[in-house]
1. What are the residues in the stretch B:50-98 that are in contact with a strand residue (DSSP E or B) (Cβ under 9 Å, 6 or more places away or on another chain) and under 11 Å from B:GLY277 (Cβ atoms), if any?
2. If A:LEU157 satisfies every condition in (1) under 30 Å from B:PHE252 (Cβ atoms); (2) crowded, with 16+ Cβ neighbours inside 10 Å; (3) touching a residue at least 24 places away in the same chain (Cβ under 8 Å) but one, which is the exception?
3. Given the conditions (1) part of a helix (DSSP H, G or I); (2) away from every other protein chain (no Cβ under 14 Å); (3) not small (Gly, Ala, Ser), report the number of the one that A:GLU40 does not fulfil.
4. Test each condition in (1) modelled with pLDDT under 90; (2) out of contact with any Ser or Thr (no Cβ under 8 Å at 6 or more places or on another chain) for A:PHE75 and report the one that comes out false.
5. Does A:ILE70 satisfy the criteria of being within 14 Å of chain B (Cβ to nearest Cβ), assigned to a helix (DSSP H, G or I), touching a residue at least 24 places away in the same chain (Cβ under 8 Å) and crowded, with 18+ Cβ neighbours inside 10 Å?
6. Before we move on, is B:ILE190 in contact with a helix residue (DSSP H, G or I) (Cβ under 6 Å, 6 or more places away or on another chain), over 19 Å from B:GLY336 (Cβ atoms) and at pLDDT 85 or above?
7. Exactly one of these conditions fails for A:PHE148: (1) in a helix (DSSP H, G or I); (2) at the interface with chain B (Cβ under 10 Å from one of its Cβ atoms); (3) surrounded by 17 or more Cβ atoms within 10 Å (Cβ to Cβ). Give me its number.
8. Go through the stretch B:377-414 and count every residue that is within 23 Å of the chain's Cα centre (by Cα) and of a type in the set (Val, Ile, Thr).
Amino acid sequence: MSVFKKIFRPTPFVKLHEHSRKVHECVELLHPLTEALLAEDYEKIEELHNLMSKTEHEADLIKTQLRDEITDLYFMSVGKSELSQFLAYQDDVADTAEDFAVVLLLRKTRIPEELQADFRAFVSQIISVSEQLMALSEQLCTLAEAAFSGPEVEKVLKSVENISEEEWKADRLERQFARHFYSLEDQLDPITILFLDKYCKILSAIANNAERTAKYIRLIIRKK
Amino acid sequence: MEILVIVALIVGFYMAWNIGANDVANSMADAVGSKSLTIFWAVILAAICNFAGAVLVGSHVTDTVRKGIIDTQAFAQDPQVLAHGMVCALVAASVWLNAASFFGMPVSTTHSIVGAIAGFGILTMGLSHIHWAKLGQIVASWFISPLVGGILAFIAFKLISRYILSAKKPALAARKGVPICAFFTFMIIILATIYKGLKNLHLDLNAPQAFILSIVGGLIAAVICHFLVKRSRYSNHETSFEKQLAQVEKTFTYLVIITSCTVAFSQGANDVANAIGPLAAVAEIVKNNAIPGKVDVSIWYLVLGGIGIAFGLAMFGFRVMRVVGTQMTEITPSRGVAADLGGMVTVLVCSKLGLPISTTHVLVGAILGVGLARGITAIDRKVVGSIFTSWLITIPIAAGLTIVFYLVAKWLWW
């Protein structure tokens, strides 16, 4: 019979893009979570946390499926371990987003009026970084079509630079927020400050993971 | 004795039928898989091109199978034995092919028949009367041809990648590049056919004439291609890169149809020998009561083989084409063209050299070549492995079956 019917396997980049969409879905939940926190709507936070868990689990399923699919393949246009690693990094973004939801659940933290604008700006920037990562994953499909050559490669590498820049902006917003709430430290109770600090760390970890994932795309493109 | 010829005819035709049913679909795989051609047209074109290849270029490999593997001199005393052996080889190879297909194993018709004939030769005349030099060449070509196909396909795709996919305006580059590819494709095919060929049509052209004709033929093809490509509507305001790539693939559909046809052509040239070589030997032995001589194989055998293949293709090939078409989703026209070009040139050159090779293996090598050039992402490791293992067992099994059949037939009838 025909050997050609089984020799090809679907390109992994499609599933990879699916995974990145799911991961971004997780990160987008940061927006309603933040609003719920600022509005002190703690039931909503519970609800959103459950949704976040579910979405993160869905991302995990896609990741496992993709991992299973690529075990038996000869990878011709990109390295298999590079692809695997990229997947792992992208998954970290979703994991960290879930961590944020969990931390919100631990304690009814009240964020004072003056800090809310800075906090909102910070969270928005984090979501923006994740969005750009998702767009980047989509471009991998096109790059595969173009056999990883030509001007498109330069465009993608430029996008990676942009993400680094956006992550730097996120760092700046985090610093701004932190300096602001430390300046109010006499008015805030110590545990609140502790939690605000936790929020900062987790949120910037999301952006860092996204940037690390984006940087790894360089290896996928260049390798082989 | 005439019975032997009739038996040989039947089994030879059956072998050709097998080739048509199983192997020919692979040659059109790139066109069908990339959805450039409907299955109906794929079957029709494959039948025509395969037939043309068999008749026009098939004589060289047929001669090898007919008398190049075993030292026919050794049978001068008793040519009937050789005839018996050829028939048994045909039967054994056909049986093995059907059994392997039944179990879903990808085996090569070429390997089966060569193994069968060699097996018979060793049994009857011992190891000293095989043309080891020729057999060695043939076996070496089985290793080398997929490699060469891969290298050529690699180069072809790198060129496509560099000059078309990486261009500032890929769609435009494709519209210029496709006629150029068509030129080269037709030039190679025409050159291969008419240079030192067509003796059985009594048309022997010398080198300069052959070159000029092939260049002219190539130019005509390129011009036709250019107009075909121009006819399709293009929106020049298409700046999105994805859309440009889609246009490129669309332009390449014309080319991949052409290249797949050339692969079918070259496959006809190489594979018809598997069925017709033994048959021609048997008929000649029975007619002259002597071993096959220096005369080139008559064109009518090639015609018969071509018809047998076409029958097999028409009756069974549909099914295989449909499977290929629905499941080969990763091959796009641009990749298909590169793989086809690599495969076509390799098979044609081997056919001209009289080397029987497996077209399927060469195509697999070509696809791997395109993959290495980063055109294809993932290839199933187990399938590639199974191709090579089934290859290894084909030779001994075909040889063994032939020996068994011959001994049984000898005991029963001879």
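The values are calculated or read from the model by the stated rules, or taken from the named source; none is laboratory data. Computed from a predicted structure; not experimentally measured. Note that each Cβ is placed from the backbone with ideal geometry, even for glycine, and that neighbours are counted across all protein chains shown.
1. Let us first name the residues in the stretch B:50-98 that are in contact with a strand residue (DSSP E or B) (Cβ under 9 Å, 6 or more places away or on another chain), namely B:69-71, B:82, B:85.
Once the filter is applied, which keeps residues that are in contact with a strand residue (DSSP E or B) (Cβ under 9 Å, 6 or more places away or on another chain) and under 11 Å from B:GLY277 (Cβ atoms), the stretch B:50-98 yields only B:ILE69.
2. The failed condition is (2).
3. So the condition that A:GLU40 fails would be (1).
4. With respect to (1) modelled with pLDDT under 90; (2) out of contact with any Ser or Thr (no Cβ under 8 Å at 6 or more places or on another chain), A:PHE75 is out only on (2).
5. Values: within 14 Å of chain B (Cβ to nearest Cβ): yes; assigned to a helix (DSSP H, G or I): yes; touching a residue at least 24 places away in the same chain (Cβ under 8 Å): yes; crowded, with 18+ Cβ neighbours inside 10 Å: yes.
Considered against the rule, which asks whether it is within 14 Å of chain B (Cβ to nearest Cβ), assigned to a helix (DSSP H, G or I), touching a residue at least 24 places away in the same chain (Cβ under 8 Å) and crowded, with 18+ Cβ neighbours inside 10 Å, A:ILE70 comes out as yes.
6. Details: in contact with a helix residue (DSSP H, G or I) (Cβ under 6 Å, 6 or more places away or on another chain): yes; over 19 Å from B:GLY336 (Cβ atoms): yes; at pLDDT 85 or above: yes.
Against the criterion (in contact with a helix residue (DSSP H, G or I) (Cβ under 6 Å, 6 or more places away or on another chain), over 19 Å from B:GLY336 (Cβ atoms) and at pLDDT 85 or above), B:ILE190 qualifies.
7. Condition (1) is where A:PHE148 drops out.
8. 9
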